[in-house]
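Below: the structure, in structure tokens.
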């Protein structure tokens, strides 16, 4: 196993450096839209680049595309499996990808022809030997990155279904992944049940950095907007910030009163706020620099399972085991 | 497990460790300062942080109800 235990946050952490930064005021963030329609737990969601459409997937096998402004459902498809744990919007907005207990990642072109059956145009792209936990298009519709319960990540060509690169190194199920912002190059980060967060070179398949400071499964990883750091959310009830150039953990976001796992994390546009959804049904908003919680959002009636900030940072969407999605602003 | 297999595994581990040891690192204090600088520089564009002029956040706009 690579040496990772020396990377714990030491006395010099982000919030000590940020002592002189002005504290944030009170936040008023409310549910502005509630998307109802799933028949069971919402497991994953993703925004379209148009900052308006959302794709979500559920335990009942349904994948729905919503217009979040109007809350209308624009598309719906039923997968042949239950527990659709992963879904993603293509950069063009013309397709979605999804998968779960079928061990695959499939791409569905989005058509507005009412006579066309969305399921008929389904293309199977990725094949793993265990469940699909996460998927993401790269910066085009042509390639998809997947993470799986089989302990690997993989990069696939959408058109041919060919495996372009595989990423081995996690010692257990991989639960999440996030691509580096396009300016910072061809890397991505993954998190798993082995408590490790690993940063990969997409071209070589090599793990270039690894971090093992969490005490339980890492459910979510997300790059800081500059690409120089990433945050993680874990079943150990903490979120952490890792700086890639310092090669260590630089902040921990936790409170004694927070004892349930963090399932999903994302940053606001400037990176100052970290939104985290938890298994205790709440969303905590953290001041990334000062390490303090600035807000706690109530509303969901069951675990928050997925959370993403919109592409222009005007809102964020959360999905829950209570069958709904909420858009907050 | 034969000794040949474990020698290979150890060799791979050594290669991986060399790769990771070769990563150039900066001081945590400098890293933290740069994260802070990025926040400060982009704060004004962060709608969830500072809010936006009334009417320009599509989710905060009052929605009109059309009754047919």
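Just so it is clear, none of the values below were taken in a lab; they were calculated from the coordinates. Since the structure is predicted, the reported quantities are computational estimates derived from the model, not experimental observations. Please note: Cβ atoms are built from the backbone with ideal geometry, for glycine as well, and neighbour counts cover all protein chains shown.
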For segment A:9-86, what is the relative contact order in percent, using Cα pairs closer than 8 Å and at least 6 residues apart in sequence?
23
What is the mean number of Cβ atoms from other protein chains located within 10 Å of the Cβ atom of each residue in peptide A:252-261, rounded to a whole number?
0
Report, as an integer, the average count of C-beta atoms from other chains found within 10 Å of each Cβ along A:262-274.
4
Distance from a point 7 Å along Cα→Cβ of residue B:17 to each backbone N in segment A:193-223: keep the residues under 19 Å and list them by number.
A:207-213
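In what sequence do A:22, A:256, B:34 fall when counting other Cβ within 10 Å, fewest first? Display every interim value, and only then the final one.
Numbers: A:22 9, A:256 6, B:34 18.
The most exposed by this proxy come first: A:256, A:22, B:34.
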With an 8 Å Cα cut-off and a minimum separation of 6 or more residues, compute the relative contact order for chain A in percent.
16
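Please work out how much length the chain gains when fully extended from residue A:140 to residue A:34, using 0.36 nm per residue of separation minus the C-alpha to C-alpha distance, in nm with one decimal.
Numbers: separation 106, 0.36 × 106 = 38.16 nm, distance 2.99 nm.
Stretched out fully, the residue A:140 to residue A:34 stretch lengthens by 35.2 nm.
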So what is the relative contact order of segment A:28-135, in percent, for Cα pairs below 8 Å that sit 6 or more residues apart?
20
The rounded separation in angstrom of the Cα centers of segment A:251-312 and segment A:108-163 is 29
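Shielding by partners for A:241-247, please: the mean number of other protein chain Cβ atoms within 10 Å of each residue's Cβ. Don't skip to the end; give the middle numbers.
Details: counts 2, 1, 8, 4, 9, 10, 7.
Partner-chain Cβ atoms within 10 Å, mean over residues of A:241-247: 6.
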Need the C-alpha centroid separation for segment A:64-79 versus segment A:185-220, integer Å.
32
